[in-house]
1. Considering every residue within the range 169-178, establish whether at least one is under 16 Å from Val105 (Cα atoms), surrounded by 12 or more Cβ atoms within 10 Å (Cβ to Cβ) and in contact with a strand residue (DSSP E or B) (Cβ under 6 Å, 6 or more places away or on another chain).
2. Any idea which residue in the range 73-84 is nearest to Asp198 (Cα to Cα), counting only those that are in contact (Cβ under 8 Å) with a residue 60 or more places away in the chain and surrounded by fewer than 22 Cβ atoms within 10 Å (Cβ to Cβ)?
3. Output the residue which, of all residues in the range 100-124 that are assigned to a helix (DSSP H, G or I) and charged (D, E, K, R), is surrounded by the fewest Cβ atoms within 10 Å (Cβ to Cβ).
4. What residue, of Leu131, Leu196, is crowded, with 18+ Cβ neighbours inside 10 Å, aliphatic (A, V, I, L, M) and either under 18 Å from Gly63 (Cβ atoms) or over 18 Å from the mean Cα position of the chain (by Cα) (or both)?
5. If I go through the range 142-168 residue by residue, how many of them are closer than 19 Å to Lys110 by Cβ and of a type in the set (A, V, I, L, M, F, W, C)?
6. With the condition kept exactly as written, say whether any residue in the range 37-51 is surrounded by 14 or more Cβ atoms within 10 Å (Cβ to Cβ) and touching a His at 6+ places or on another chain (Cβ under 8 Å).
7. So Pro181 fits all but one of (1) surrounded by fewer than 18 Cβ atoms within 10 Å (Cβ to Cβ); (2) of a type outside the set (Val, Ile, Thr); (3) more than 15 Å from the chain's Cα centre (by Cα); what number is the exception?
Amino acid sequence: MRRSRFLLAGVLAALLAVTACDKLSPPAKSPFHGADVSGSDLGGGLSLSDPQGHARTLADFRGKVVAVTFGYTHCPDVCPTTLHDYSLALKKLGTDASRVQVVFVTVDPKRDTAEVLRQYVPAFDPSFIGLRGDEAATERAKKAFHVFSEEVPGPTADYTVNHSSQVFVFDAEGRARLVIPAGTPPADIAADLRVLLDRS
C-alpha cells in the first residue's frame, strides 16, 4: 500500500512538472512579419471613389489579398517609398501577384483629385488603385481604420500632412489579418502576402 502511495505521488509530480513546463514554453511563433490583427473590425464600412468615379468598397476586391495604405501624393518620403516597396514585393510573388490588390487612400482629397490619383498611383504598378472621397468620406475611412492625419502649414501657401503610415492587409475573404509597418523590407512583405495567399 505504501509503495502504491509513493508510486501515485511520483506520477502526480511528473504530471505537474509536465503541466508547469507546458505553461513555461513560449507561444507558437507567428508565421508573419507584420502584426496579426485577426478578428479586429478594421476597415468596416470603407466606401470611396476610384479615379473613374466608381464607388468602391473592400467587398469589390473579395477573392484577393488586399493591402490598404493611407497617404497623399505630395508626400516626400514614406508614401512613395511604401508604394515602391509593395511593387517590389509583388514582383517577388511572380504570377500570384495578380491575386493581390494594393489600394492607396488619399488623406488629402483637396489636392489629390481623381486625375492626380489616376496618374500617380499606377505609376508604381499598373494594378494599384487610388481611392478618394470628400472630407466627410475621408474622415469615415480614417475612422474605420483608426488612422490619424493632420495638415501642417508650410512656409508658403503649401502644406504637408502628418499621417499614419502602416499598411492594413485583408485576406481573400475580406477579413483584417495584418498591420505591416512602413519600412518593412519587400521580401518580408512578400512572405506575409504569400502566407495569406496559400491559406485562401
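1. Checked against the condition, which is being under 16 Å from Val105 (Cα atoms), surrounded by 12 or more Cβ atoms within 10 Å (Cβ to Cβ) and in contact with a strand residue (DSSP E or B) (Cβ under 6 Å, 6 or more places away or on another chain), the range 169-178 yields at least one hit.
2. Looking at the filtered set, the residue picked out is Thr81.
3. Glu115
4. It is Leu196.
5. Looking only at that region, the number is 5.
6. yes
7. (3)
Matching residues to (1) without any contact (Cβ under 8 Å) to a residue 12 or more places away in the chain; (2) within 16 Å of Val65 (Cα to Cα); (3) part of a helix (DSSP H, G or I):
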{"residue": "Ser87", "(1), (2), (3)": "no, yes, yes"}
{"residue": "Ser98", "(1), (2), (3)": "no, yes, yes"}
{"residue": "Ala137", "(1), (2), (3)": "no, no, yes"}
{"residue": "Lys143", "(1), (2), (3)": "yes, no, yes"}
{"residue": "Glu173", "(1), (2), (3)": "no, yes, no"}
{"residue": "Ala182", "(1), (2), (3)": "no, no, no"}
{"residue": "Asp192", "(1), (2), (3)": "no, yes, yes"}
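The values are calculated or read from the model by the stated rules, or taken from the named source; none is laboratory data. What you see is a predicted model, and the numbers here were worked out from it, not measured in a lab. Because the Cβ atoms are built from the backbone with ideal geometry, glycine has one as well, and the counts that use them run over all protein chains shown.
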